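Here is the structure we will look at.
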Amino acid sequence: MQIREVVEATVLTFVLAMLGIATKGLEPLALFWPANGVLIGWFLRSPARRHPLCWVGVIVAFVAADLSYGRGIELALVLLLSNLAEIVAGLLVLSPMWPEGRDLDHPAAVLRVGVACIVSALAGGIVSALGFGLLGDSSILLNTATWWMSEIASLAAALPVALTLPSRPWPAGWVSRLTREELPELAGPVMLLVLMAALGIATGGIGTTGYLLLPLIWSAMRVGIFATTVMAALVGLWIFAALGLGLDRLPSQTVAEDPLRILLSTRLSVALISLAAVLVASIMSTRRRIEQRLAESERRLALAFEGTTDGIWDLDVPSRRMSALDSISLAERTDAAQRRPLDEYLRRIHPEDRERVAVVLEEHLAGQSPDCVVEYRWPTPDGGWIWQLARGRTVERDEAGRPLRLVGSFMDVSARKALEQKIEYMANHDALTGLANRHALDAALRDRIAAWRRRSAGAVLMVIDLDGFKAVNDGHGHLAGDAVLRALAQRLAGALPDGMTPVRTGGDEFAVIGDELGAGEVEALAARIGAALAAPIPVGTGTVSVGASIGWAFLPRDAEDEHGLAAVADARLYAAKQQLRQRSVEPEPPSRASA
């Protein structure tokens, strides 16, 4: 705590108290008493200000103001205790919502301020009534009601301004904030306030207060909460000034009959009008804040979709109708998506993927999978295809748990699929010859065996070992050897019929896997392969010739698993090499037990 806070509390209290005393109404009450509302806000804005010395400064200032006006010490003490009770009650009510509610940007905070005005004014009224009773005035109930209605209007006008006051110092903070944020839009309500005040003076009567609702409503709807609190305070000041100067032009008979009732009802009207205007401003501020957050959320959502997906889809399960919205339409917040039959979308999917997509969707609808995730090819405007990944899940179900609505996203994964295909090709093909490699051969053997077990579809495995290739490497070098291997791979592929796959298993070894053939057909194919491979191959300025030994095995005649097939084929290959022939022979295969 610094001396500055003590001085500030003392000076602020004295100035505001003298201002209130200057608006003398029904003695000893003022028409407008801003001190208590401003002090409640002042104490709330910094807990350090609640130091006992600050309270001492407030007490001294209140007493000094009353004594300087000529009031006795007894009355000054009664008014002091009443003001202190009012301030303390306001702090007790508002402290729980501070600092979260300082800007009054939520309707609940405004309602809490209204409660604080009621409770604070009532606390001050009770203390004042008891004090006046000790001074000889026995009208406790009347004094309580009089103080309460008088103070609630002053609190409603001053407290919201004190709570929303810019934290920057006066006057730079106020002027800077109003000029930058609210002054342009505040000009209209202020001019309307002047016009309505003039109209009230010209017409007079009990309804003149209602004229001032228009500028308040305009301010609450168009500008911020702080500007609206200032407007509400100006309206209250004008009404109090009109009462004090006799500008209200109320019928003289009405005033003469019950001046207290007219005065108190007017003050209560000021309180209700001020709080209502601030409440409307708070509601509008909340609405604008929600709209801004919603717009920001939609912008982030659009950016997220733009960065991670191409669009969203929404399927109404009972009607089997679906809508799809791309990221561009989503970002522009258009209503381009219209529900169309699901089959219309399915028909556009690549024929090879269509059935798989439908199966995945139905499995999810049947509860067999938590999410619906599927990849498929989708047509492009230029007649090509792109790969898309669709993800979705059920978001609505009926009382029986049946899916009603699916929502998901789709995105272009063509680049990823191309990379996957490239990686898969490299993993399953020989880098030198481009033929399938041993990894692919093992997978093909497993697939053939599985197919045979499902539908009794046989297969044949042929193994090929080059004869004389080492001499090519030794005599012409490895570069020439690589060129010879590439040429032999092309010849092998060209010698095979449809349904047969050539494989390089390593070094100078090759293989063929394909559909089931008869013994005579395999012998003829082996002879054709041997002849194709034995043809001279240009190397440098000359040619080289490479022979081949070939063996084979039939699924399921020779074996029913890949190891047995390889053993039988290798045995026949070994027999061919033993006979040193360039054509295949078919020795008696070993028994399955020996294989």
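Annotations for the structure displayed:
- Spin-label pair LYS417-ASP474: with each label point 7 Å from Cα along the Cα-Cβ axis, the two points sit 5.2 nm from one another.
- Potential extension, ARG528-GLU396 segment - 0.36 nm per residue separation minus Cα distance: 41.1 nm
- For the pair ALA241 and ASP515 in one chain, pulling the backbone fully straight at 0.36 nm per residue adds 88.0 nm over the alpha carbon distance.
- Straightening the chain between VAL194 and SER297 buys 32.9 nm, computed as 0.36 nm per residue apart minus the Cα-Cα spacing.
- The label-point distance for GLU74 and ARG348, in a model that sets each label 7 Å from Cα toward Cβ, rounds to 9.3 nm.
- Three-way shape label, the stretch 429-578, alpha-carbon gyration tensor, a/c 1.5: prolate
- Around ALA35: net Lys/Arg minus Asp/Glu count, Cβ-Cβ under 13 Å: -3
- Under 12 Å, Cβ to Cβ, from ASP447 - net charge with Lys/Arg +1 and Asp/Glu -1: +2
- Prolate/oblate/rounded call for the stretch 311-413, Cα gyration tensor, a/c under 1.5 rounded: oblate
- Once both labels are positioned 7 Å from their Cα atoms along Cα-to-Cβ, the gap between VAL115 and ARG455 label points is 7.7 nm.
Laboratory data are not the source of any read-out in this text; all were calculated from the coordinates shown. Being a predicted model, the structure only gives us computed values, none of them experimental. Cβ sites come from the backbone with ideal geometry, for glycine too, and all protein chains shown count toward neighbours.
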